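Comments concern the structure below.
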Amino acid sequence: MAVISGVGVSSGRAVGPVVRMPDPVAEPAAGATPAADVEAEGARIAAAAEQVRADLERRASTAHGDGAAVLEATALMAADPALVTAAQKKLSDATSAARAVWDAAAEVQAMLESLGGYMAERARDVADVRDRIVAVLDGRPAPGVPERETPFVLVAHDLAPADTATLDPATCLALVTEGGGPTSHTAILARALGLPAVVAARGILDVAEDAVVLVDGGAGTVEPDPPADVVAQVQAAAAREWTFDGTGRTSDGHRVQLLANVGDPKGAEAAADTGAEGVGLFRTEFCFLDRAEEPTVDEQTEQYTAVLAPFAGKKVVVRTLDAGADKPLPFLTDTSEANPALGVRGYRTAWEHPEVLDHQLEAIARAAEASGADVWVMAPMISTPGEAADFVARAGTFGLATAGVMVEVPALALTADALMARVAFASLGTNDLTQYAMAADRLLGELAELSDGWQPAVLRLVHLTAEAGLQADRPVGVCGEAAADPALAVVLVGLGVTSLSMTARAIPEVAATLLSVTRDECVRLAELALSAPDARSARAAVHAELPPLA
Ligand code: PEP
Ligand code: MG
């Protein structure tokens, strides 16, 4: 079978047998297969629920952290007799066991939802238990990531957050999806777990279960039946663990700060544990999501302090609220906009609601004081140097002296020289910069080829911005997903960026890759990428010159 090309979204190589994610459980046909023997079918439902409960409890006992908590909550739901009893009652309506469970689950879900709050959140667990019971009744594999004792490559159409809560990186070697894009959930999860991943791999679903494949997350390829010598090489490299000594640099000592992207206190602690030099992007949205109203300044101060505390004495770049588009907020966003990605999002929400930004700046200043972190502050979705100047002035009134902006709108990159005179620093948000430069919705899997940080057009915008920063002596970092790709990180350094911020797990391999090249080599590789005709060729040209780490 020929090599399958997709988009590599998390670097690294792995070899293993394909395990397919089972198809989602479909709604059983209404009224089909009347229960021949109501009592026997009722017992079958009870036995299936018991099997599901026992299975979940067994898995919870060996899982860790969030995964164990998810499994325990679902096992508790499976042990609750309400669903089984309601389903058994439905059997007298001459309905199949699977249909009875489905209808009973809908009633239990509606009841929980009507109670609101915590109980409403449990409605999702009911759906999970329902699917598992229906799968047992129909003799099909349980939904979710299959359980295996031996390592495998997980292949799926696409992965949702709930599918992957229990994904164990000890057995799952790599992720390959037919759908998804570089900023899809699969991509973000793969980078967080440090697993090689290829998305938008058309044809991967035709590869047979158990067929051995080589996944190259850097090159974006999946090779069925790879040669034995390559398999041996990949397995030897996989056994090696990268470590980071806390100082990002090239082999000839050119300094590049390696920072973490964090989104909540737990993430900040984990990032500090991996030895990140600081935080290059603190996404503050966690404090606002699922809220009907703006949180108070006190509340925000407390939450930000918890994120800043593990980085006392170190740099933390706090981004003000990026509401709108893929992160809508009920009290700020107008959901009727026809084009939310081009609408009132990010800093633009402060035109109508400056008080929300002011409250946030006040809380950030207080949290900086309380935590002792070296706090820098930046605004997202800035389009002009004038807007940047307004933001910097506003931050200054709260005593936040190191203020800058994200460069994620091409217009701002094109005016970077005028921008640098007005800010203390800039940070390139390559996820949005790519979306806007390529006119390609970052959430659309079909556009993955275009939504790629390796696109030479995006690299030119990065170059313009970094050059302007060097001229004006202003630090210019990258905090989009591009920074987590080791080969692309080398290119970004060659283009002149001074820091890279990424999911903490990616730092050790990026650090090792930078240490394998000189600054001049970074510049040469950047030139290769800049002159390529598209992302695929840019990636291939750089990979050909930058052999995988031994
Ligand atoms: C970006 O756009 O690159 C970025 C870092 O911000 P977000 O992904 O939160 O939009
Ligand atoms: Mg962005």
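Is there any pair linking a residue in region 321-350 that is closer than 18 Å to Ala439 by Cβ and of a type in the set (A, V, I, L, M, F, W, C) to one that is open to solvent by 60 Å² or more (accessible area, probe 1.4 Å) and in a helix (DSSP H, G or I), with Cβ under 9 Å and at least six apart or on different chains, and which?
Taking only residues 6 or more apart or on different chains, the pairs are Ala325/Leu342.
Of the residues that sit in region 304-348 and are of a type in the set (Val, Ile, Thr) and more than 14 Å from ligand 2 (Cβ to nearest atom), which one is nearest to Glu285 (Cα to Cα)?
Selected residue: Val318.
Each row is one residue, and each column tells you yes or no for (1) aromatic (Phe, Trp, Tyr); (2) at pLDDT 90 or above; (3) farther than 30 Å from Leu189 by Cβ.
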{"position": "Ala32", "(1), (2), (3)": "no, no, yes"}
{"position": "Ala43", "(1), (2), (3)": "no, yes, yes"}
{"position": "Gln51", "(1), (2), (3)": "no, yes, no"}
{"position": "Leu56", "(1), (2), (3)": "no, no, no"}
{"position": "Arg59", "(1), (2), (3)": "no, no, no"}
{"position": "Gly65", "(1), (2), (3)": "no, no, no"}
{"position": "Ala87", "(1), (2), (3)": "no, yes, yes"}
{"position": "Leu115", "(1), (2), (3)": "no, no, yes"}
{"position": "Ala123", "(1), (2), (3)": "no, no, no"}
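Working carefully through the options Leu444, Leu433, Leu419, find the one that is assigned by TED's automatic domain parsing to the domain that holds Ala379, under 18 Å from the mean Cα position of the chain (by Cα) and open to solvent by less than 40 Å² (accessible area, probe 1.4 Å).
Result of the check over Leu444, Leu433, Leu419: Leu433.
Run down Arg505, Arg536 and say which single residue is modelled with pLDDT under 95, open to solvent by 20 Å² or more (accessible area, probe 1.4 Å) and under 14 Å from Val458 (Cα atoms).
None of the others qualify; the one that does is Arg536.
Could you go through region 355-370 and let me know if any residue there is in a loop (DSSP other than H, G, I, E, B), in the same structural domain as Leu443 (by TED's automatic domain parsing) and either within 16 Å of ligand 1 (Cβ to nearest atom) or open to solvent by 10 Å² or more (accessible area, probe 1.4 Å) (or both).
There is no residue in region 355-370 that is in a loop (DSSP other than H, G, I, E, B), in the same structural domain as Leu443 (by TED's automatic domain parsing) and either within 16 Å of ligand 1 (Cβ to nearest atom) or open to solvent by 10 Å² or more (accessible area, probe 1.4 Å) (or both).
State yes or no: is Lys327 open to solvent by less than 40 Å² (accessible area, probe 1.4 Å), over 19 Å from Glu387 (Cβ atoms) and under 22 Å from the mean Cα position of the chain (by Cα)?
It is true that Lys327 is open to solvent by less than 40 Å² (accessible area, probe 1.4 Å), over 19 Å from Glu387 (Cβ atoms) and under 22 Å from the mean Cα position of the chain (by Cα).
Kindly indicate which of Leu332, Leu281, Leu308 is in contact with a helix residue (DSSP H, G or I) (Cβ under 6 Å, 6 or more places away or on another chain), within 29 Å of Asp245 (Cβ to Cβ) and buried (at least 17 other Cβ atoms within 10 Å of the Cβ).
Of the residues listed, the single one that is in contact with a helix residue (DSSP H, G or I) (Cβ under 6 Å, 6 or more places away or on another chain), within 29 Å of Asp245 (Cβ to Cβ) and buried (at least 17 other Cβ atoms within 10 Å of the Cβ) is Leu308.
Taking region 199-211 as the region of interest, how many residues are in contact with a helix residue (DSSP H, G or I) (Cβ under 8 Å, 6 or more places away or on another chain) and either assigned to a strand (DSSP E or B) or at pLDDT 95 or above (or both)?
1
Kindly provide the set of residues from region 400-438 that are more than 25 Å from Leu470 (Cβ to Cβ) and either more than 16 Å from ligand 2 (Cβ to nearest atom) or among the polar types (S, T, N, Q) (or both), ordered by number.
Gln435 - this is the single residue of region 400-438 that is more than 25 Å from Leu470 (Cβ to Cβ) and either more than 16 Å from ligand 2 (Cβ to nearest atom) or among the polar types (S, T, N, Q) (or both).
Filter region 395-404 down to the residues that are open to solvent by 20 Å² or more (accessible area, probe 1.4 Å) and touching a strand residue (DSSP E or B) at 6+ places or on another chain (Cβ under 8 Å) and list them by number.
If the condition is that a residue be open to solvent by 20 Å² or more (accessible area, probe 1.4 Å) and touching a strand residue (DSSP E or B) at 6+ places or on another chain (Cβ under 8 Å), then Gly396, Thr402 are the ones that fit.
One line per residue, one yes/no per condition, for (1) assigned to a helix (DSSP H, G or I); (2) at pLDDT 90 or above; (3) assigned by TED's automatic domain parsing to the domain that holds Val15; (4) closer than 19 Å to Leu546 by Cβ:
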site: Thr186; (1), (2), (3), (4): yes, no, yes, no
site: Leu195; (1), (2), (3), (4): no, no, yes, no
site: Val215; (1), (2), (3), (4): no, yes, yes, yes
site: Val222; (1), (2), (3), (4): no, yes, yes, no
site: Asp229; (1), (2), (3), (4): yes, no, yes, no
site: Gly246; (1), (2), (3), (4): no, yes, no, no
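Which condition number does Thr503 fail, the rest of (1) more than 23 Å from the chain's Cα centre (by Cα); (2) in contact (Cβ under 8 Å) with a residue 60 or more places away in the chain being met?
Tallying (1) more than 23 Å from the chain's Cα centre (by Cα); (2) in contact (Cβ under 8 Å) with a residue 60 or more places away in the chain, Thr503 fails exactly one: (1).
Taking into account only those residues within region 453-488 that are of a type in the set (D, E, K, R) and at pLDDT 90 or above, which is farthest from Ser11 (Cα to Cα)?
Ranking the qualifying residues of region 453-488, first place goes to Asp473.
Could you tell me whether any residue of region 277-297 is out of contact with any Cys (no Cβ under 7 Å at 6 or more places or on another chain) and over 25 Å from Glu362 (Cα atoms)?
Among the residues of region 277-297, at least one is out of contact with any Cys (no Cβ under 7 Å at 6 or more places or on another chain) and over 25 Å from Glu362 (Cα atoms), which makes the answer yes.
I'd like the residue in region 371-392 that is surrounded by fewer than 19 Cβ atoms within 10 Å (Cβ to Cβ) and over 15 Å from Trp351 (Cα atoms) and, out of all such residues, is modelled with the highest pLDDT.
Ranking the qualifying residues of region 371-392, first place goes to Asp374.
Could you identify the single residue in Leu530, Leu549 that is in contact with a Ser or Thr (Cβ under 7 Å, 6 or more places away or on another chain) and open to solvent by 10 Å² or more (accessible area, probe 1.4 Å)?
On inspection, the qualifying residue turns out to be Leu549.
The values are calculated or read from the model by the stated rules, or taken from the named source; none is laboratory data. This is a predicted model, so every value here is computed, not measured. Ideal geometry is used to build each Cβ from the backbone, glycine not excepted, and the neighbour counts take in all protein chains shown. For the accessible areas, the whole protein counts, side chains as well, though only heavy atoms, and no ligand, DNA or RNA atoms are used. Shrake-Rupley method; radii C 1.70, N 1.55, O 1.52, S 1.80 Å.
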